[in-house]
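**Student:** Once you've had a glance at the structure underneath, I'll fire off some questions.
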Amino acid sequence: MGILPKANEACWCGSGKKFKRCHKNAASPVKPGKVSPLRPVPDSIDQPAWAGGNPASRWDEPRVKSPDVIKRMRRTGREAADVLAQLGALCQPGVTTDEIDAACHQSAIERNAYPSPLEYPGMVAPFPKSVCSSVNEVICHGIPDDRPLRDGDIVNLDVTLFREGVHGDTNATFFVGQVDDLSRRLVQVTRECLEKGVEAAKPGHPINNIGRAIQTHAESHGFGVVRDFVGHGIGEQFHTDLQICHYYHPRLTDIMEPGMTFTIEPMITAGSWKVRLWDDGWTAVTADGSRTAQFEHTILITDDGAEILTTPSDKTSHPYWTLAAATV
Ligand code: MF3
Ligand code: CO
Ligand code: CO
């Protein structure tokens, strides 16, 4: 559960005002809710190793992908982006995150895809649902439950599909009804952080250029960058050993090469970037209860830059693109 400041302590938003004179009334911490039973996946769908509660096998996957893997990743990435855009339409007051999970699950199956989070192994228990839903101070890996979304919430939905033997991983933060200015700014800046990270992704340059670009942008707006979760190599496996920090990490000097595929997924906070984990072993919240946002793409390093593999068929219904248009 999010730990909020005491009434007379400084507000998490950095206003310098006492918490009770600032965001106290807006803040109602997210609590664990009721999680519905496991949704089955038909046998006709190709499933990753962990489906059915098995351990995830790990192997040495080449960082530079074959043209055939890239072709398949482009298709899976687009399907994942289309599901994400579709789920965004459900982010309305009164809709539960479990209803959003049901829609994700069904949409994945209709596209002949396995929802990769389902039964993905964790330290306490496998992830029990098909999408991660992270509300307000939840940084990532929130478990869909019976909590209805409320007017003023921000909610991140993280969709990963496994299809044609490869994963596509993408997320976005959505507004629920009327959202306060600080939260809007946070979401906008987080979207820009992902854009700046993608712009810094080009062949011949060290991978820590990405984190530097993201950190510079977030901190120039007074926001924090979460350290405990990073972007990752992706392909035939959901997570490979390749790590993409969203802050400047001097030792991450591996040079980006054409054909590499990985995610960039900055988590940006209005207050502290320190993390607390719920007892479920998944739900990560900000230590101070401040709000947090995230955007994620799976990208491919090309000969002269990067291609976003999680590009939807229709950019006009996807917040990564519609929010960009809204600022000009
Ligand atoms: N999609 C998340 C990521 O961006 C991982 C979720 S793992 C899960 O890496 F098990 F929580 F789904
Ligand atoms: Co990811
Ligand atoms: Co993800």
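We did not get these values from a lab; they are worked out from the coordinates using the rules stated. This one's a predicted model, so the numbers in the text were calculated from it and none came from an experiment. All Cβ positions, glycine included, derive from the backbone under ideal geometry; neighbour counts span all protein chains shown.
**Student:** Could you give the spread of the C-alpha atoms of the stretch 33-125 along their three principal axes, from largest to smallest, in whole angstroms?
**Tutor:** That gives 45, 30, 25 Å along the principal axes, largest extent first.
**Student:** While we're looking at this one, here's another question. Please provide three numbers in whole Å: the alpha-carbon extents of the stretch 61-320 along the principal axes, with the largest listed first.
**Tutor:** 46, 43, 39 Å, listed from the longest principal axis down.
**Student:** Quick one: which residues, 5 or more positions from T283 or on another chain, have an amide H under 5 Å from its amide H? H modelled 1.01 Å from N in the peptide plane, none for Pro or chain starts.
**Tutor:** W278
**Student:** Which lysines, on any chain, are close to K6 with Cα under 27 Å apart, when same-chain ones fewer than 8 places away are left out?
**Tutor:** K17, K18, K20, K24, K31, K274
**Student:** Over the stretch 161-222, consider all pairs of different Cα atoms and compute the Kirkwood hydrodynamic radius from their mean reciprocal separation; express it in Å, one decimal.
**Tutor:** 13.7
**Student:** I've got another one for you. Using +1 at the Cβ of each Lys and Arg and -1 at the Cβ of each Asp and Glu in the chain, identify which of Q47, G289, P250 lies farthest towards the dipole's positive end.
**Tutor:** Checking the options against the dipole of the chain, the answer is G289.
**Student:** In addition: Loop-only chymotrypsin sites (Phe, Trp or Tyr not before Pro) in the stretch 227-306, please: DSSP not H, G, I, E or B, and at most 16 other Cβ atoms within 10 Å.
**Tutor:** Sites meeting the loop and neighbour criteria: Y248.
**Student:** Also: Report, in deg cm²/dmol and to the nearest 500, the calculated mean residue ellipticity at 222 nm for the chain, where each DSSP H run with n ≥ 4 adds -39500 (n - 2.57) and the sum is divided by the residue count. Can you show the working numbers first?
**Tutor:** Working: 5 runs with 77 residues, N = 328.
One gets -7500 deg cm²/dmol as the mean residue ellipticity at 222 nm.
**Student:** Looking at the stretch 241-278, which trypsin sites (Lys or Arg not before Pro) are in a loop (DSSP not H, G, I, E or B) and have at most 12 other Cβ atoms within 10 Å?
**Tutor:** When the trypsin sites (Lys or Arg not before Pro) of the stretch 241-278 are filtered for loop state and at most 12 Cβ neighbours within 10 Å, R251 remain.
**Student:** Below 8 Å, C-alpha to C-alpha, sequence gap of six or more: please give me the relative contact order for the stretch 201-328 in percent.
**Tutor:** Once divided by the residue count of the stretch 201-328, the mean separation gives 26 percent.
**Student:** While we're looking at this one, here's another question. Positive end of the dipole of the stretch 1-150, charges at C-beta (+1 Lys, Arg; -1 Asp, Glu), about the Cα centre: which of Q92, S28, P128 has its Cα farthest in that direction?
**Tutor:** Looking along the dipole axis, the top candidate is S28.
**Student:** Evaluate the charge dipole of the chain about its Cα centre and quote only its size in Debye, nearest 20, assuming +1 on the Cβ of each Lys and Arg and -1 on the Cβ of each Asp and Glu.
**Tutor:** It works out to roughly 1140 debye.
**Student:** Report the one residue of A80, A270, N112 whose Cα lies farthest in the direction of the positive end of the charge dipole of the chain (charges on C-beta: Lys and Arg +1, Asp and Glu -1; origin at the Cα centre).
**Tutor:** Towards the positive end, the residue furthest out is A270.
**Student:** Here is a follow-up. Under 8 Å for C-alpha pairs, at least 6 residues apart: give me the relative contact order for the chain, rounded to a whole percent. Mind dumping the intermediate values first?
**Tutor:** Details: 814 pairs, mean separation 70.6, N = 328.
RCO, the chain: 22 percent.
**Student:** Something else about it: Determine Rg/Rh for the stretch 72-120; Rg is computed over alpha-carbon atoms and Rh is the Kirkwood hydrodynamic estimate from the same atoms.
**Tutor:** On the Cα set of the stretch 72-120, Rg over Rh gives 0.99.
**Student:** Among I70, I139, I100, which comes first, then next, by fewest other beta-carbon atoms within 10 Å? Kindly include the intermediate steps, with their values, before the conclusion.
**Tutor:** On the way: I70 18, I139 26, I100 23.
If I rank by nearby Cβ atoms, fewest first, I get I70, I100, I139.
**Student:** Which value, to two decimals, describes the C-alpha radius of gyration of the stretch 194-284 once divided by 2.2 N^0.38 Å?
**Tutor:** Dividing the Cα radius of gyration by 2.2 N^0.38 Å gives 1.11.
**Student:** If all Cα-Cα distances of the stretch 83-230 are sorted into 10 Å bins from 0 onward, what percent lands in each bin, rounded to whole numbers?
**Tutor:** 11, 36, 35, 18, 1
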